[in-house]
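Working notes, structure below.
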Amino acid sequence: MMKKGRVNEMALSGTDTRKEDRHVHVAFVGNPNCGKTTLFNALTGAKLKVANWPGVTVEKFEGDIEYEGYQLKLVDTPGIYSLSCYTIEEQVTRTCVLDDDIEVIVNVVDASSLERNLYLTLQLLELGKPVILALNMMDIVKERGLEIDLHRLPEMLGGIPVVPVSAAKRTGLDILLHAVVHHFEEGPKEDVMDYGPMIEDKLAKLEVMMQARYPSHSMVRWHAIKLLEDDEQVTSEHPIEITNVVDRSYEKEIIQKKYQYIEEIVKESLFHKESRAAQTDRIDKLLTHPILGVPVFLCIMALVFFLTFAVGDFLKGGFEVVLAWISDAARVFLVGIHVSGWLTSLVVDGIIAGVGGILTFLPNIFILFLALGILEDSGYMSRVAYVMDSIMGKVGLSGRAFLPMILGFGCTVPAIMATRALEKEHDRRKVMVITPFMSCSARLPVYVLFADMFFPGHPMIPAFSMYVIGLMTAILVALVMNRMEKGKINDSLLIELPEYKRPNARTIRIYVWTKLKDYLTKAGTTIFIASIIIWFVLNFGVHGMVTDTAESFGAVIGRLLVPVLAPAGLGMWQIVVALISGISAKEVVVSSFAVLFGVANANSAAGMRTIVENIHQFNPSFGPLNAFCLMLFVLLYVPCAAAIGTIKKESGSWKFTLGLMAFQMFLAWAVCVIVFQIGSIFL
């Protein structure tokens, strides 16, 4: 009965599609973390990112499916807590649900956190559109020993359909779609909220005034409520003379009435919640402790990187054997068919060495994202933002700003996009400045390679220090910016702390595979092209092909910048070339070293030994301090080309983007110079 179709990204301004018979536009709306995107994926077959903190879905997406003769256009919207407009994601969702094209609303609710989710439900009921309540994560409700009265709950919500579903296990989906179609035909239910005689009297007058001024306007009651709350957007878009009715904002009273009714709903329809909440509270006493919370977070991340090295290095042996066999076989084959020497060198020393060397880091990348996926899906990452709220407040940002920074540990591109969750443009730009200092997964191969080469006894320590230094640099830069602007401390973060749950294997599998696929795609495109370019730059000079790389174009370019990087302990033209190539993608720094020194597998013991020997031929004094500064420079200098493009898109300014790049380049140079010069005194 259900047929999956394509998924297309919508413009933020929405669409103006003409309605046709048997076509129904359905909006999926819910709190962050409610499993809305997972449910959307289950229905449409899309593979959108799912994570256990707010701000992941920052645009709305469409999916077309067929059900019982209806063409259902499903729209996935950003997660929100209410229909009040403060952030970009809230504006997107509010614009979507207010659009007359949206005919049915599926309110996806985390059944294990019913009380928190119902505030948005009551607001949606006021829109006067058919609403279906999708009780998601019912499997978790059962696991936790909770019980929901599925007869009393819909009664207290005005008789709307309440459908238990599990997006992760794909149960209840047909019943949900049947409810959508049936409720669309039946029409909306009446609003259940009663705000008391005084407020209801004012609302009645405002509804009459709205209907007189805007006779064709829909959702009159909702707009009347917003006028009574002094909602800035509604009062500007639908101005009417209300001074005789509204003497002040009644927002506080309206909110209080809603929560009072939510308490009644929970009391009559949800059972055995107290014991589960107590268990979560006991765990949070440690993980969200105002003093111990940050050290616990650092210890957890240290364990993650210990596993990344210990388990990842154990697994990479098989990759090394396969890569060595491919490299030798390719060379023998090409020589055997009498391919010219330059083409053989390009394939073996350029492409296979550059791309293959990156692929040997797959085990490390896999372990890292597996650990991060478990932390995300368990509910811990929300606690990290909460714990960091006080620290971020001291630098003029709320804990919400830490959410993009956490995303930056995976990839800078979605992290920059996640700044849309911030309310003010000024704050968004400030977070864009500091987010690239988070060590993305692309930098991990650089850390692994140089930590293993120059810190063989304890490689995890210098590698993990990069993550700590990046975090501290971001906080310090934000502090300096705030002091220069004489900014004020932002309001405290209001964020959900969902109850802990057992990580879902399917969700983690999708998350890890998506990350690995991105890594492999980059290896097959950006790094592939970069490896070819680097090979040509290192094997051709002003007089054509050269046998000595010291006479190549790369050497000429590198030597021009050697005097600049020499005070930072990076005075080798090979390092300059590798850093320049790293702007395309940070993994290319490793590929560059493989191509520069003719190493088939830079991550193997023999490959690392060869690289160290070649480095010492050019600079015998190059040691752990130089390697640490190289890692530090890779951490702090400009992000990859994709991240630069995203910063330009999100900020809308080349001036800001180029200024940010110049600042990051100078900061990386200055920090490395200070570290190397001071370190040289003691080492």
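For G659, state whether it is in a helix (DSSP H, G or I), under 28 Å from V675 (Cα atoms) and open to solvent by 10 Å² or more (accessible area, probe 1.4 Å). Yes; evaluated as a whole, the condition is true for this residue.
Can you pull out every residue in the stretch 213-245 that is surrounded by fewer than 14 Cβ atoms within 10 Å (Cβ to Cβ) and part of a loop (DSSP other than H, G, I, E, B)? Once the filter is applied, which keeps residues that are surrounded by fewer than 14 Cβ atoms within 10 Å (Cβ to Cβ) and part of a loop (DSSP other than H, G, I, E, B), the stretch 213-245 yields Y214, P215, S216, H217, S218, P239, E241, T243, N244. When restricted to residues that are under 26 Å from I262 (Cα atoms) and surrounded by 18 or more Cβ atoms within 10 Å (Cβ to Cβ), the stretch 170-187 contains 6.
Okay, residues lined up against (1) surrounded by fewer than 19 Cβ atoms within 10 Å (Cβ to Cβ); (2) assigned to a helix (DSSP H, G or I); (3) within 36 Å of the chain's Cα centre (by Cα):
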| site | (1), (2), (3) |
| --- | --- |
| A602 | no, no, yes |
| M608 | no, yes, yes |
| I611 | no, yes, yes |
| H616 | yes, yes, no |
| P620 | yes, no, no |
| A627 | no, yes, yes |
| L632 | no, yes, yes |
| L635 | no, yes, yes |
| P639 | no, no, yes |
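Assess whether G645 counts as being surrounded by fewer than 22 Cβ atoms within 10 Å (Cβ to Cβ), over 24 Å from E587 (Cα atoms) and of a type in the set (G, A, S). Against the criterion (surrounded by fewer than 22 Cβ atoms within 10 Å (Cβ to Cβ), over 24 Å from E587 (Cα atoms) and of a type in the set (G, A, S)), G645 does not qualify.
Yes/no matrix, rows are residues, columns are (1) of a type in the set (F, W, Y); (2) out of contact with any helix residue (DSSP H, G or I) (no Cβ under 6 Å at 6 or more places or on another chain); (3) modelled with pLDDT under 85; (4) outside any helix (DSSP H, G or I):
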{"residue": "K19", "(1), (2), (3), (4)": "no, yes, yes, yes"}
{"residue": "A27", "(1), (2), (3), (4)": "no, no, no, yes"}
{"residue": "E59", "(1), (2), (3), (4)": "no, yes, yes, yes"}
{"residue": "L72", "(1), (2), (3), (4)": "no, yes, no, yes"}
{"residue": "I102", "(1), (2), (3), (4)": "no, yes, no, yes"}
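The criterion of being modelled with pLDDT of 50 or more, in contact with a Lys or Arg (Cβ under 7 Å, 6 or more places away or on another chain) and open to solvent by 60 Å² or more (accessible area, probe 1.4 Å) holds for E66. Taken together, the residues in the stretch 320-349 that are within 14 Å of V599 (Cβ to Cβ) and open to solvent by less than 60 Å² (accessible area, probe 1.4 Å) amount to 7. Being open to solvent by 90 Å² or more (accessible area, probe 1.4 Å) and in contact (Cβ under 8 Å) with a residue 40 or more places away in the chain is the filter here, so list the residues in the stretch 195-212 that pass it. Passing the criteria: only K205.
Among the candidates D100, D76, single out the residue that is open to solvent by less than 10 Å² (accessible area, probe 1.4 Å) and either free of Cβ contacts under 8 Å to residues at least 12 places away in the same chain or among the acidic types (D, E) (or both).
D76
Show me the helices (runs of 4 or more DSSP H) entirely contained within the stretch 355-394 in which 2 or more residues are among the acidic types (D, E) and crowded, with 20+ Cβ neighbours inside 10 Å. Please lay out each step first, then the result.
Numbers: elements: 362-378, 380-387, 389-394.
Per the criteria, 362-378.
Contact map, the stretch 330-341: residues that are within 15 Å of I352 (Cβ to Cβ) paired with residues that are assigned to a helix (DSSP H, G or I) and open to solvent by 50 Å² or more (accessible area, probe 1.4 Å), Cβ distance under 8 Å, separation 6+ or inter-chain. Pairs shown: L334/L343.
Under the condition of being of a type in the set (S, T, N, Q) and over 20 Å from Q617 (Cβ atoms), which residue from the stretch 543-587 is surrounded by the most Cβ atoms within 10 Å (Cβ to Cβ)?
S581
Going by the conditions given, is V634 among the hydrophobic types (A, V, I, L, M, F, W, C) and farther than 30 Å from V332 by Cα? Yes.
Among the residues of the stretch 502-531, those identified as open to solvent by 40 Å² or more (accessible area, probe 1.4 Å), within 22 Å of A578 (Cα to Cα) and either part of a loop (DSSP other than H, G, I, E, B) or of a type in the set (A, V, I, L, M, F, W, C) (or both) are L520, T525, F528, I529.
The values are calculated or read from the model by the stated rules, or taken from the named source; none is laboratory data. It should be emphasised that the depicted structure is a prediction, and the values quoted were computed from it without experimental measurement. We place every Cβ from the backbone using ideal geometry, glycine too, and count neighbours over all the protein chains shown. To get the accessible areas, we keep the full protein, side chains included, count just its heavy atoms, and leave off ligands, DNA and RNA. Shrake-Rupley method; radii C 1.70, N 1.55, O 1.52, S 1.80 Å.
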